[in-house]
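K.L.:
A single structure is presented below for examination.
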Amino acid sequence: MSPPGRPKDEYRSARHEGTAVSHADQSARALALGTSTLYEASGLPCAVDPAIRAVWVGAAVAAPAYPVRCSPGDNLAIHLAVERAPRGSVLVVTADDFVAGYWGEVLTVAAEAAGIVGLVIDGGVRDVAAMTRRRFPVFSRGISVRGTIKASAPSVGQPILMAGVPIAAGDWVVADDDGVVVIPSARIGGVLAAGEARAQKEADFMARLARGESTVDLLGLSAWRTRA
């Protein structure tokens, strides 16, 4: 955690140049594969509650997590996180599924200036038109005009449990129109490789379908033709 008033560490700082290149490559690969393929390939219980959805169609992000825990109806911890999170992070916020407007256009503008690349929140947001216009990726349990107070900050940058999935700083969050998955940082390389192998297998499968082969035959289900 960076002390107040001092520059925060950045994923793209010179000190971490090699890591920045690696993160950019991992992000591009993860986005190309998508959450469904990554989930199936991972073999991990890494899918966040499907009620947490993209706020605007086409929103997508793949980046290291910066976890935050808010008290229900209180967004002070988010303001602190925007100040402290490394550039290139996606904020992952739990508010114990209490839906209110924890995040809106003000925090979106502040986050963009701080180099934060997205938000996943088990809570609510507002100012959806502004986030859509700015193309800032946001994934939320709900949308609410109801504002929040700023009186407590239970956890900023520390591990959290969000919708049943444990998340620590640096774990990989991948989110798109299909949902949100969280891959432990130590597993991201293997999961990406497994995902790419699965994607190639699926591409071959699609090519055979395009040539007229049947899903029933390709999936080994032909015996069911005489049973159903």
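K.L.:
Just in segment 162-228: which GluC sites (Glu not before Pro) are loop by DSSP and have at most 16 other Cβ atoms within 10 Å? Mind dumping the intermediate values first?
P.N.:
Values: sites: E196, E202, E213; in loops: E213.
Passing both the DSSP loop test and the Cβ count: E213.
K.L.:
Let me ask you something else. Using only protein heavy atoms and a 1.4 Å probe, report how much of D127 is accessible, in Å² to the nearest 10.
P.N.:
Estimated to the nearest 10 Å², D127 gives 70 Å².
K.L.:
Shifting gears a bit: So how long is each side of segment 88-206 along the principal axes, counting just the alpha-carbon atoms, biggest first, in Å?
P.N.:
51, 31, 26
K.L.:
Now for a different question. May I ask you to list the trypsin sites (Lys or Arg not before Pro) in segment 108-167 that are in a DSSP loop and have at most 15 other Cβ atoms within 10 Å of their Cβ?
P.N.:
Qualifying residues, ordered by number: R135, R146, K150.
K.L.:
Related question: Write down the Kirkwood hydrodynamic radius of segment 144-187, to one decimal in angstroms, obtained as one divided by the mean of 1/r over all alpha carbon pairs. All intermediate terms of the calculation are to be shown ahead of the outcome.
P.N.:
Numbers: mean 1/r = 0.0782 Å⁻¹.
After inverting the pairwise mean of 1/r, the radius is 12.8 Å.
K.L.:
Moving to a separate point now. Can you give the Kirkwood hydrodynamic radius of segment 86-140 from its Cα pairs, in Å with one decimal? Display every interim value, and only then the final one.
P.N.:
On the way: mean 1/r = 0.0902 Å⁻¹.
Over segment 86-140, the inverse of the mean reciprocal pair distance is 11.1 Å.
K.L.:
Could you check what % of the DSSP bridge pairs in segment 59-168 are antiparallel, to the nearest 5?
P.N.:
Details: 5 of 22 bridges.
Beta bridges within segment 59-168, antiparallel portion: roughly 25 percent.
K.L.:
Express the carbon and sulfur contribution to the solvent-accessible surface of segment 55-105 as a percent, rounded to the nearest whole number, probe 1.4 angstrom.
P.N.:
Ligands and nucleic acids excluded, carbon and sulfur give 52 percent.
K.L.:
Please list the non-local residues whose amide H lies under 5 Å from the amide H of I121, H modeled 1.01 Å from N, same-chain partners needing a gap of 5 or more.
P.N.:
V93, F139, S140, R141
K.L.:
Have a look at segment 20-128 and give its Rg and Dmax from the Cα atoms, expressed in angstrom.
P.N.:
14.1, 38
K.L.:
Given +1 on the Cβ of Lys and Arg, -1 on the Cβ of Asp and Glu, and no further charges, what dipole in debye does the chain carry about its Cα centre, rounded to the nearest 20?
P.N.:
For the chain, the charge dipole is close to 160 debye.
K.L.:
Let me ask something else about it. Per residue of segment 126-133, what does 6.51 cos²θ - 1.76 cosθ + 1.60 with θ = phi - 60° give for ³J(HN,Hα)? Whole Hz please, x for Gly and Pro, Karplus curve as stated.
P.N.:
9, 6, 4, 4, 5, 5, 5, 4
K.L.:
Of all beta bridges DSSP finds with both residues in the chain, what is the antiparallel percent, to the nearest 5?
P.N.:
The antiparallel fraction comes to roughly 50 percent.
K.L.:
Test of understanding: express the Cα radius of gyration of segment 105-166 as a ratio to 2.2 N^0.38 Å, with N the residue count.
P.N.:
Numbers: Rg = 12.6 Å, N = 62, 2.2 N^0.38 = 10.6 Å.
My calculation over the Cα atoms of segment 105-166 gives 1.19.
K.L.:
Something else about it: Work out the P(r) tail for segment 24-82: percent of alpha carbon pairs separated by more than 15 Å, whole number. Present the calculation step by step, with values, prior to reporting the outcome.
P.N.:
Working: 1151 of 1711 pairs.
Value for segment 24-82: 67 percent of Cα pairs lie more than 15 Å apart.
K.L.:
For I149, what accessible surface area do you get with a 1.4 Å probe? Give it in Å², rounded to 10.
P.N.:
Roll a 1.4 Å probe over it and I149 shows about 100 Å².
K.L.:
Excluding ligands and nucleic acids, what accessible area in Å² is computed for H79 using a 1.4 Å probe, to the nearest 10?
P.N.:
The accessible area of H79 comes to roughly 70 Å².
K.L.:
Could you pull the Rg and Dmax for the chain, using just the Cα atoms, both in Å?
P.N.:
Every Cα atom of the chain included, Rg and Dmax give 19.5, 73 Å.
K.L.:
Right, another one. For segment 166-215, report the convex hull volume of the alpha-carbon atoms normalised per residue, in Å³, without decimals. Spell out each step's value before the answer.
P.N.:
Details: hull volume 4.7 nm³, N = 50.
It is 95 Å³ per residue.
K.L.:
What is the spin-label model distance, in nm, from A186 to S222 if the labels are put 7 Å beyond Cα along the C-beta direction?
P.N.:
In this crude label model, A186 to S222 measures out at 4.5 nm.
The values are calculated or read from the model by the stated rules, or taken from the named source; none is laboratory data. None of these values were measured; they are calculated from a predicted model. Virtual Cβ from ideal backbone geometry, glycine too; neighbours counted across all protein chains shown. We work out accessible area using only protein heavy atoms, side chains counted, and drop any ligands, DNA or RNA first. Shrake-Rupley method; radii C 1.70, N 1.55, O 1.52, S 1.80 Å.
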